Amino acid sequence: MTFQFNFTIEDHLESKLAPLGDGALTLDSSKELSVLESQKREHRDRKCSIEQLDSPRDHLWENKSVENAAPSQDTDSPLTAASDSDNLEPHKKQPCLRAAKEHVMPKDLKKVLENKVIETLPGLQHANLSVVKTVLLKDSFPGENIVSKSFSSHTDLITGVYEGGLKIWECTFDLLAYFIKAKVKFAGKKVLDLGCGSGLLGITAFKGGAKEIHFQDYNSMVIDEVTLPNVIANSNLEDEENDVNKPDVKRCRKSDVVQEPYKCQFYSGEWSEFCKLVLSREKLFVKYDLILTSETIYNPDYYGTLHQTFLRLLGKNGQVLLASKAHYFGVGGGVHLFQKFVEERGVFETRTLEIIDEGLKRFIIELTFKCPS
Ligand SMILES: C[S@@+](CC[C@H](N)C(=O)[O-])C[C@H]1O[C@@H](n2cnc3c(N)ncnc32)[C@H](O)[C@@H]1O
């Protein structure tokens, strides 16, 4: 693979994830699980000094970051909260509703990987985020550049502007490890990776045979620069096309492989807007069998919309697998608060599937409808 970039990677942006060697994804491999866990530990240890940055800070609650936001690119514009009349929950302090849009899979899939450096996790490829950020910092965008905003405000989250999708958060690794341990089945399922960022959860479902996978992130730039490239990087297009040693019959299957990423759909925008968009696109919207979501419950002001999203989009017998830190310091969100919120509404049953009690305490929980039928 040739990389086309003519800049230096600044030290402070150097990768925090070391490549680990390639390998096909097998969900029951204990070797992969232990590699994944050590990767996770390494990742956490290296960033423990900046762990507080993981947690949204007090100042994120100030609406000033939103008020100061530059006009967004094309359809990336925030709408007023009042425009969402469908939500049952009040939008206390929720400053804006970013319009949702679908990101169409580009025709030239390889072009999406230009300027990207691809790294490897067990069974997964992903674009090096430091390189992505460096390119985005160097390029001048007509609209809002969430990377420069995030750098200038020294934070990974700016409420209503940038919600953190340009990094792989720790609980994603927890959920990936859980998939292997619990032998989670994806085959034939319609899956949503909600608040996807890098999209590694949805990509794992994609590789595990899910029939349709939707990716949603708040920020359009995250989808274009990270999620979409990651899905394409995991589609093995290059290997199939370049392997001239493969018999013709095998190479003819190239078109099948090229079709594969088209099982995936990509959306950006705020959750209630995303709901409206997907529900309006298809007359008979088929709800998701499985919703995967990691580190999306840090902001209690979003709980109403998140709960509503599960309510509207999850199939009656569907399952939400949610990974989260126990508590997000400085903001007040966390697992217990969210479980309490969900239980008070009486629609979903919550069940703790796993507690990860190393470093910052983390949880994997499941939500299912109390009365499926
Ligand atoms: C902290 S990041 C986690 C990213 C990724 N799931 C991970 O674990 O690496 C939170 C994600 O939730 C999404 N998100 C948070 N609040 C949102 C909201 N109100 N509407 C839409 N998306 C939201 C953002 O797009 C962001 O990618």
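The values are calculated or read from the model by the stated rules, or taken from the named source; none is laboratory data. Please read all numbers here as calculations on a predicted model, not as lab measurements. With ideal geometry, Cβ positions are generated from the backbone for all residues, glycine too; neighbour counts draw on all protein chains shown.
Details
- LYS325 satisfies every condition listed in (1) over 20 Å from the mean Cα position of the chain (by Cα); (2) at pLDDT 95 or above; (3) of a type in the set (Lys, Arg) except (1).
- Search result, residues across segment 269-298 that are more than 12 Å from the ligand (Cβ to nearest atom) and part of a loop (DSSP other than H, G, I, E, B): GLU282, LYS283, LEU284, PHE285, VAL286, LYS287
- Candidates ALA187, ALA205 - the one that is farther than 29 Å from ALA326 by Cα and either of a type in the set (Gly, Ala, Ser) or touching a residue at least 40 places away in the same chain (Cβ under 8 Å) (or both): ALA187
- Pairs are defined by a Cβ separation below 7 Å, a sequence spacing of at least 6 or placement on different chains, a first member in segment 210-234 that is in contact (Cβ under 8 Å) with a residue 60 or more places away in the chain and on the phi > 0 side of the Ramachandran plot, and a second member that is part of a loop (DSSP other than H, G, I, E, B) and within 14 Å of the ligand (Cβ to nearest atom); no pair meets this definition.
- Set side by side, the residues LYS190, LYS110, LYS116 differ, and just one is surrounded by fewer than 18 Cβ atoms within 10 Å (Cβ to Cβ) and either small (Gly, Ala, Ser) or within 25 Å of GLU260 (Cβ to Cβ) (or both), which is LYS110.
- Extreme residue, farthest from MET105 (Cα to Cα), among residues of segment 257-268 that are away from the ligand (no atom under 15 Å from the Cβ) and under 19 Å from the mean Cα position of the chain (by Cα): LYS263
- Considering only residues in segment 190-215 that are assigned to a loop (DSSP other than H, G, I, E, B) and within 12 Å of the ligand (Cβ to nearest atom), the one that is nearest to GLY165 (Cα to Cα) turns out to be GLY197.
- Every pair of residues 6+ apart whose Cβ atoms lie under 6 Å, when the first sits in segment 291-308 and is under 19 Å from GLY330 (Cβ atoms) while the second is in a helix (DSSP H, G or I) and within 9 Å of the ligand (Cβ to nearest atom): GLU295/CYS171
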